[in-house]
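This report concerns only the one structure given below.
The values are calculated or read from the model by the stated rules, or taken from the named source; none is laboratory data. Fair warning: this is a prediction, and the values are worked out from it, not measured in the lab. So basically every Cβ, Gly included, is an ideal-geometry build from the backbone, and we count neighbours across all protein chains shown.
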Amino acid sequence: MDLKDKKNIDANVMEPLKSARDKIDELIKLSADPAFYEELSNTDKIKFNLLMSFSLNGLYWMYLRADGKDPNTNQIKSENERLKKAIGRSQEIKDRKTKMPRIDQDVAKRFIRSGLWEPKNNHENVEEENWDLQNSTMTIE
């Protein structure tokens, strides 16, 4: 492998890393903006906080691994377990809000009202029905 090939490999590796770093910088600037956080709904704030905590813990986990330390013996493992439970809890709350059947009371009232409704007896309609029944019966001889 000569020096030119090594420079090309380095350039091929460095370009995606620089691009990723630029994207991360943009996200950090966005996450540090208080106006962005205030515009979020409560559920989005919960998701955002969990994502940021999990991301920082993941970075610290990678730092420990890169430093040659075992993250399983560090307190970061228990913190990650706590975050996993919090993520599961937020998912339960979301599911409870979205998957629970809800009754539209106005529709239910209309449905019951129409089910209990009985039309008034029109003598004309009743007489026509009786006449139709009498004429439609055939005698077989």
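Cβ-Cβ distances below 8 Å connect the following pairs, each with a first residue in the range 52-78 that is more than 23 Å from Asp33 (Cα to Cα), a second residue that is outside any helix (DSSP H, G or I), and a separation of six or more residues or different chains: Leu64/Asp70; Leu64/Asn74.
Taking the options Lys94, Lys69, name whichever one is modelled with pLDDT of 80 or more, not aliphatic (A, V, I, L, M) and not in a helix (DSSP H, G or I). Lay out the reasoning, then the answer.
Working: Lys94 fails: not in a helix (DSSP H, G or I).
Being modelled with pLDDT of 80 or more, not aliphatic (A, V, I, L, M) and not in a helix (DSSP H, G or I) holds for just one of Lys94, Lys69, which is Lys69.
Among the conditions (1) modelled with pLDDT of 90 or more; (2) among the small types (Gly, Ala, Ser); (3) surrounded by 12 or more Cβ atoms within 10 Å (Cβ to Cβ), Ser55 misses just one, which is (1).
Restricting attention to the range 79-97, the residues being under 30 Å from Met62 (Cα atoms) and either in contact (Cβ under 8 Å) with a residue 60 or more places away in the chain or among the acidic types (Asp, Glu) (or both) number 3. Pairs linking a residue in the range 98-123 that is modelled with pLDDT of 80 or more to a residue that is among the hydroxyl-bearing types (Ser, Thr, Tyr), with Cβ atoms under 6 Å and 6 or more positions apart or on different chains, do not occur. Of all residue pairs spaced 6 or more apart or on separate chains, none has beta-carbon atoms under 6 Å together with a first member in the range 14-32 that is assigned to a helix (DSSP H, G or I) and a second member that is small (Gly, Ala, Ser).
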